[in-house]
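For reference, the structure is listed below as structure tokens.
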Amino acid sequence: MAVLLALPLAALVGKAATAPVVGDPGSVVRWGVLYARVLHDAAASVTVGLLVLAAFLVPETTRTRRRITATRLAGVAAGVWTVAGAVGAVFGMAALIGIPVSDPGFAQQFTTFAWEVLPIREVLITTAVAALVCVGALVATTRAAMAWLAALSVVALLPLALAGHAAGATDHGTAVNALALHLVAVTVWVGGLLALAALRPMLTGGDLAATAARFSTLALWCFVGVAVSGVQSAFLRVGTWSNLGTSYGALVIVKTLALVLLGVAGYLHRRSLLARLRGDTPGSAFTRLVVAELVIMGIAMGTAVAMARSAPPISDAPVADATPAYNLTGYPEPPPLTSGGWFTTWTTDWFWVATALVAIGLYVAGVVRLRRRGDSWPVHRTIVWVLGWAVLLYAVCGAPGVYGRVLFSMHMVMHMAVAMLVPLLLVPAAPILLALRTLPSRPDKTWGPREVILQVVHSRVFQAFANPVVAAALFFFSLAAFYYSPLFELALRTHTGHMLMMFHFLLSGYLFVWVLVGIDPGPKKWPPLMLLVILFATMSFHAFFGVVMTGSTTLLAPDFFEVVKLPWMTDPLQDQKEAGAFAWGIGEAPTVALTLMVAIAWVRSDRIETRRKDRQADRDGDAELAAYNEHLKNLRERGDRR
């Protein structure tokens, strides 16, 4: 109710429902778009919140069916999400082309052009995934299925970032990343609170306290995500303090006040209410707090919808006289690369900066927790972990990342650094082992972070991918498939393709290094001799790939490199040959390092096995050797009798 009451006021402030200049599709469409989006967002929040609570937060016993109830309710909410998404896509298309839905030609226009229009296409993708979540949630019975559905429902939100009110900003990549984080954090936060309120009658005593405490921790992370991404998005769209006086700036102020109030409510929640819940005397305080937070969240969500339909102070109009490089990539054309440019070129990719800071912060926090309880952790592991993320940041934000968007050779440098150098530093840091030693276990059989890690590393899916042959094949063949397919050009032209490429490079490289030298818990490692054979075979294929590219006479991704036309790059084919040389040359040092690490692990395992046998011999009087000597004696006696 709060959302529906706040939306008209916010829409009037932002002039979100006024008739467009191109054509008026009618008041039904203009207002229908807004209310369909509110219903869409509310249903998505409820779906995600219920699935998160069912999979990770709510305690379960043999006498209760909370998880099943929450998952079935999530299925119903996902059905509403699907319907609202479909209706929103229809109304959104009508608003874009400026004709009413009742127009005889609208159906043909929609079926012909809807997939070609980015905002509509992203909504359709989200709607299709929501439909899958709906079907899955109506039949799921295991916690693993609920966890996968929760992850899938979160993934369904990400396409909306490409079509949101920040996606058209000048810094397109940063805007999309900020909006994606904002959407996920808000949805999990709002949805979790709604789900907690819906399941309140089923939670009593210690179960309510445990669930509320876990959600409080999750909500704190969401609050930080919303605050950081909101500030970044506002900076991109508002620009200066004076622009806060515009109608769009007023909406930003409303959202900021709502976030501050929610932060205060969360602080009060953690400070006083959780203690009362543990004492089983919550009274009406829990209900009052939940209702107050939901009202504030409703105002914030209504304001966000109005912002999505309002023009920001900083225009999204195309840049006048933009270079081909800018039109293709969305980034300014860099100057010619000099020797000093390798060290001075920098553009901040806030997503990877934030990821690196969080990863380093959590790792250091885990080490500190170990030390405080008297346990040791090798210092060199912390050092290589920090160095690994530093190398990744340089590869993404430094010269390789900046020039890699327009130069094949620099793109290959970035690729090799992320896929080979970074994992070589991160894997020996043993982050999974550190997490398992520091994260608390859940006594009530729910899945906390520690339980999720254990489920993943011991799952059949991970065992299949952690097979050294599979990991090696994935590492090499995906490399060849990427560059000799349209995926390469897609990664150069689009933000989504670029991000998927980076995730794949990092994860495939990490997996390959892990199966060779990883010390984290997981599937049983293969003998070192077999690992060396796989390593040499993979690197032979890798070198062959570099040689083939070095001698190539056909330009890859020609529709990109022949159009980008850098004034200081006159021979793209020669640059491609240099990329092959980089692929060949940069791969040599990690190969030598991996070979040494596998050999050291081999020697170390032999020493461990020798010490184990010595200890066993001390315990049983060297029974194994005595049995072997007895066996040889029997064989000799048999030979003598013959």
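Any read-out appearing in this document is the output of simple, stated calculations on the displayed coordinates, not a laboratory observation. In this text the structure is predicted, and so the values were computed from the model without any measurement. Cβ placement follows ideal geometry from the backbone for every residue including glycine, while neighbour counts extend to all protein chains displayed.
Gain on full extension, evaluated as 0.36 nm per residue between Ala537 and Ala593 minus their Cα-Cα distance, stands at 18.6 nm.
Suppose R0 equals 51 Å; then what is the FRET efficiency for Leu138 and Asp571 from their Cβ-Cβ distance, rounded to the nearest 0.05?
Working: r = 59 Å, r/R0 = 1.15.
That gives a FRET efficiency of 0.30.
Its relative contact order, with pairs defined as Cα atoms under 8 Å and 6+ residues apart, puts the range 343-587 at 23 percent.
The HN-Hα couplings worked out from phi for the range 144-152 by the Karplus form 6.51 cos²θ - 1.76 cosθ + 1.60 (θ = phi - 60°) are 4, 5, 5, 5, 5, 5, 4, 5, 5 Hz, whole numbers, x standing for Gly and Pro.
Ordered by packing density, taken as the mean number of other Cβ atoms within 10 Å over each peptide's residues, highest first, how do 228-235, 371-378 rank?
Details: 228-235: 19.9, 371-378: 10.5.
With the highest mean Cβ count within 10 Å placed first, the list reads 228-235, 371-378.
The label point for His380 and the one for Arg121, both projected 7 Å from the Cα toward the Cβ, are 5.0 nm apart. When each of the peptides 176-183, 327-334 is scored by the mean number of other C-beta atoms lying within 10 Å of its residues, the order from highest to lowest reads 176-183, 327-334. Each residue of the range 117-130 was assigned a 3J(HN,Hα) from its phi angle through the Karplus curve 6.51 cos²θ - 1.76 cosθ + 1.60 (θ = phi - 60°); the sequence is 9, 3, x, 6, 4, 5, 5, 5, 5, 4, 5, 5, 5, 4 Hz, with glycine and proline shown as x.
When Leu34, Leu51, Leu529, Leu555 are ordered from fewest to most other Cβ atoms inside 10 Å of their Cβ, what list results? Write down the numbers at each step before the final one.
Working: Leu34 22, Leu51 33, Leu529 9, Leu555 16.
By the 10 Å Cβ count, ascending: Leu529, Leu555, Leu34, Leu51.
The stretch between Trp602 and Ala213 holds 135.5 nm of extra length on full extension. This uses 0.36 nm per residue minus the Cα-Cα distance.
Using a 10 Å cut-off around each Cβ, can you sort Thr347, Thr126, Thr446 from fewest to most neighbouring Cβ atoms? Please list the in-between numbers first.
Values: Thr347 17, Thr126 24, Thr446 20.
By the 10 Å Cβ count, ascending, the order reads Thr347, Thr446, Thr126.
As a proxy for reagent exposure, ranking Trp352, Trp241, Trp602 by other Cβ atoms within 10 Å from fewest up yields Trp241, Trp602, Trp352. Gap in Å between the Cα centre of the range 180-200 and the Cα centre of the range 421-441? Their Cα centres are 29 Å away from one another. Converting phi to 3J(HN,Hα) with the Karplus coefficients 6.51, -1.76 and 1.60 and the offset θ = phi - 60°, the range 454-462 yields 5, 4, 5, 5, 10, 6, 5, 4, 5 Hz in sequence order, with x at every glycine or proline. Consider a paramagnetic label point 7 Å from the Cα of Lys445 along Cα→Cβ; state which residues of the range 69-103 have an amide N under 16 Å from it. Only 69 fall inside the zone, counting backbone N under 16 Å.
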